[in-house]
Amino acid sequence: MESPDDLDTLRAALDPQLMSGPHQGTALLRIVELNFRREHVEEFILLFEQNKNLISASEGCRFVYLLRTDSTFFTLSGWERPEDLETYRTSALFVGVWKQTRSWLSQPAASCIVTGK
């Protein structure tokens, strides 16, 4: 995310999705940018596939998506309450997945949270 204007544009584009359809009830969207060393891209995809249903089953998680461009990935997860996200971020599931993921990164991860209106 480049600037506050970019976040406003993203928020405006996502708000209708956050507030309707299968994502109704989502209070916040967490976006994480992950840049991997090329030799670990396939390992990350496998790790994500093995854990996405467990992440989605976390209390308050409405959805988890993975977007990719080359060796850069974006995870998008929707949460009912900030407390639900924080509970997940302190869980054994997150700690284990993040420890492995972090070891494969080519640079530190970047994240932002987009909240509904």
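The values are calculated or read from the model by the stated rules, or taken from the named source; none is laboratory data. What you see is a predicted model, and the numbers here were worked out from it, not measured in a lab. Don't worry about glycine lacking a Cβ; one is built from the backbone with ideal geometry, like all the others, and counts go over all protein chains shown. With ligands, DNA and RNA removed, areas are computed over all heavy atoms of the protein, side chains included. Shrake-Rupley method; radii C 1.70, N 1.55, O 1.52, S 1.80 Å.
Here are the numbers for the structure shown:
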| quantity | calculated |
| --- | --- |
| Filtered residue count, segment 56-83, keeping only those that are without any contact (Cβ under 8 Å) to a residue 40 or more places away in the chain, part of a helix (DSSP H, G or I) and out of contact with any Gly (no Cβ under 8 Å at 6 or more places or on another chain) | 1 |
| Some residue of segment 67-90 being open to solvent by 50 Å² or more (accessible area, probe 1.4 Å) and touching a Phe, Trp or Tyr at 6+ places or on another chain (Cβ under 6 Å) | yes |
| Every residue from segment 69-98 that is farther than 17 Å from C112 by Cα and charged (D, E, K, R) | D70 |
| Subset of segment 84-112 that is assigned to a helix (DSSP H, G or I), more than 15 Å from the chain's Cα centre (by Cα) and of a type outside the set (S, T, N, Q) - its residue that is nearest to N51 (Cα to Cα) | G96 |
| Test set (1) over 14 Å from C112 (Cβ atoms); (2) at pLDDT below 95; (3) open to solvent by 90 Å² or more (accessible area, probe 1.4 Å); (4) out of contact with any helix residue (DSSP H, G or I) (no Cβ under 8 Å at 6 or more places or on another chain) - P4 fails condition number | (1) |
